[in-house]
Every structure is written in C-alpha cells, then in structure tokens.
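The values are calculated or read from the model by the stated rules, or taken from the named source; none is laboratory data. Small disclaimer: the values here were computed from a predicted structure and weren't measured. Ideal geometry is used to build each Cβ from the backbone, glycine not excepted, and the neighbour counts take in all protein chains shown. For the accessible areas, the whole protein counts, side chains as well, though only heavy atoms, and no ligand, DNA or RNA atoms are used. Shrake-Rupley method; radii C 1.70, N 1.55, O 1.52, S 1.80 Å.
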Amino acid sequence: MKELAGRLAAVDPDAGAAVAVITYFDRLAETRAGLEALVRGAAVLAGCPARLVDEERRVRLRVEPDGRRLDAMGAPEPDWPCAPLLPGGSPALWLERAGADGPSVVDAVILERASAAVRSVLDRTRGRAPGPPSDDPALVETVLDADAPLPARLHAARRLALDTADPAARFRA
C-alpha cells in the first residue's frame with residue numbers, strides 16, 4: 001500500500017495522501033485504537049485541531065495538531081469541515097479549519113475514515129451489545145477506559161455484576 005501511495009503521490013499528491021490516510025486509519029482500527037488516538041490521528045494528519053463531540057454518549061475530545069489533548073472548547077464553527085458518526089446524522093467530528101470552498105480531498109478522507117473508526121470504537125465500548133453481560137468484552141473495555149464517562153463505567157460495572165458500592169471492588173483486578 002505504501003508503494004501505491006508513493007506512485008499516486010507522484011501523479012496526484014491528493015490521491016497519494018488520501019491512500020496514506022486510508023492506510024493509517026485502517027491500521028488504527030486493526031489495532032483497536034481508542035478514541036483519543038483516532039482524534040489525535042485526524043488532528044495530526046490534517047495539521048489542525050480535531051474534535052469529537054457525541055452528546056448522547058457524553059464524549060468530548062479535542063486534540064491539537066501537535067498531538068496534545070486540550071478539551072477546552074466552545075461551539076464548532078459552521079464552516080469547519082465535519083462528519084457525522086452515522087449516515088444522515090448530525091456532525092460529531094470536526095477539523096477546526098475554516099474553508100469557504102469546503103473540505104479538501106484529504107480532509108474529506110480524514111473525516112470519513114476517522115468517523116468510521118470512531119463509530120466502531122463507540123459501538124464496541126459504549127453501545128448496547130446483545131447477549132448476556134458476561135459475553136460482552138466491551139463492558140470490560142468500558143470499565144477500564146479512563147476516558148469513558150463515570151456513569152458509563154459504573155453502568156458497565158453493574159452489568160458485569162461488580163459491586164460499585166464496595167470501595168474495594170473499584171481496585172480489584
């Protein structure tokens with residue numbers, strides 16, 4: 001894939017960069033990267049801050065282009081490139097770059113690939129999985145995810161039959 005990206009970059013730099021972005025996010029998805037790593041990847045690749053806001057799941061992340069997480073944020077600007085997590089849904093992932101002509105080809109690919117990977121992580125860690133709780137590894141992942149909201153972590157712990165009222169239970173492995 002790297003060879004293809006290199007060949008494409010020689011002919012069309014945007015196409016080469018787009019293939020590199022696809023490869024990057026595919027690799028993150030394969031390694032089951034977390035939300036912060038995905039938003040960081042979007043910010044670094046785009047060269048501008050990226051933010052993820054999913055009000056339903058109470059997820060708010062913002063990462064600077066140098067990779068530092070900086071969650072202080074106001075409302076997104078209407079002209080920032082953005083993508084929903086679900087087709088037809090409201091925007092949830094933004095690149096903080098003003099662009100009167102819309103997103104560049106590379107920005108559009110970053111948003112598409114990052115939002116698909118984010119959706120996968122959220123479905124895995126904060127979605128409702130079928131079957132008994134003991135068969136749901138996403139519950140364990142949610143309990144251990146330091147970025148997950150406390151109510152989501154406590155809900156996952158209760159579904160795993162952990163005693164959330166017992167202070168010692170919070171430190172047991």
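Consider ARG126 carefully, then state whether it is touching a residue at least 60 places away in the same chain (Cβ under 8 Å), open to solvent by 30 Å² or more (accessible area, probe 1.4 Å) and over 27 Å from ALA15 (Cβ atoms). Criteria met by ARG126.
Tell me which residues, restricted to segment 64-99, are basic (Lys, Arg) and without any contact (Cβ under 8 Å) to a residue 12 or more places away in the chain.
ARG68
Within the span defined as segment 118-127, one or more residues are small (Gly, Ala, Ser) and either farther than 18 Å from GLU55 by Cα or modelled with pLDDT under 85 (or both).
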